[in-house]
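S.K.: A single structure is presented below for examination.
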Amino acid sequence: MPGIDEPIEPEQTLDLEIPHPARTEQGEDITPHGWLLVAQNKKVIKGWNDLCLQIPENAKRCYLWLRNDPTRRIPGRCYELKYKHYAGAWAFEVGSGQRVYYKIREGTREVLIYYAGPHPAKAPYPPT
């Protein structure tokens, strides 16, 4: 899997697990195991990697929060989206202009991240 600083090559097969912003020298995850973070597609991985480069401390805080307690609110920072089109979807404000949108998969203890990047004009609809 490419590192945070390496570009994603189109011919590479890519594991869609979201990488931690600060891996150890050996590439091992340095966080306690909780929820598994999974990207919906390669575009989300690229958006996540960009966030890690632009605001690494905030990306690390987001990663740890989603791994440990993705269903707990942080007023103004992490919240469940409203309205029926966004059922089960959450948003995490990584920075003032950066967002991560995700959906919880309780049965498998996975957090499906379906958008990571600049704040869109309208929140993207979650996958069904």
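Rule-based calculations on the coordinates, nothing more; no lab input. Since the structure is predicted, the reported quantities are computational estimates derived from the model, not experimental observations. Heads up, the Cβs are rebuilt from the backbone with ideal geometry, glycines too, and the neighbour counts pull from every protein chain shown.
S.K.: Among the lysines, select those whose C-alpha is under 20 Å from the C-alpha of LYS42, and discard any that sit fewer than 8 residues away in the same chain.
M.R.: Candidates past the 8-residue exclusion: LYS60, LYS103.
S.K.: Just want the ordering: THR128, THR71, from fewest to most Cβ atoms lying within 10 Å of their own Cβ. All intermediate terms of the calculation are to be shown ahead of the outcome.
M.R.: Numbers: THR128 6, THR71 12.
Exposure proxy ranking, most exposed first: THR128, THR71.
S.K.: May I ask you to compute the full-extension gain from LYS122 to ARG105, defined as 0.36 nm times their residue separation minus their alpha-carbon distance, rounded to one decimal in nm?
M.R.: Details: separation 17, 0.36 × 17 = 6.12 nm, distance 2.32 nm.
Value of the extension gain: 3.8 nm.
S.K.: Can you give the FRET efficiency for LEU81 and ASP50, using 1/(1 + (r/R0)^6), R0 = 25 Å, r = Cβ-Cβ distance, to the nearest 0.05? Working shown, then result.
M.R.: On the way: r = 22 Å, r/R0 = 0.89.
Working from the Cβ atoms, E equals 0.65.
S.K.: Which of VAL38, VAL100 has the fewest other C-beta atoms within 10 Å, and how do the rest follow up to the most?
M.R.: On the way: VAL38 18, VAL100 27.
With the sparsest Cβ surroundings first, the list reads VAL38, VAL100.
S.K.: Further, regarding this structure: In whole Hz and in residue order, list the ³J(HN,Hα) couplings for region 45-55 that follow from phi through the Karplus curve 6.51 cos²θ - 1.76 cosθ + 1.60, θ = phi - 60°; x for Gly and Pro.
M.R.: Once θ is set to phi - 60°, the couplings for region 45-55 become 4, 5, x, 5, 4, 5, 4, 5, 6, 6, 9 Hz.
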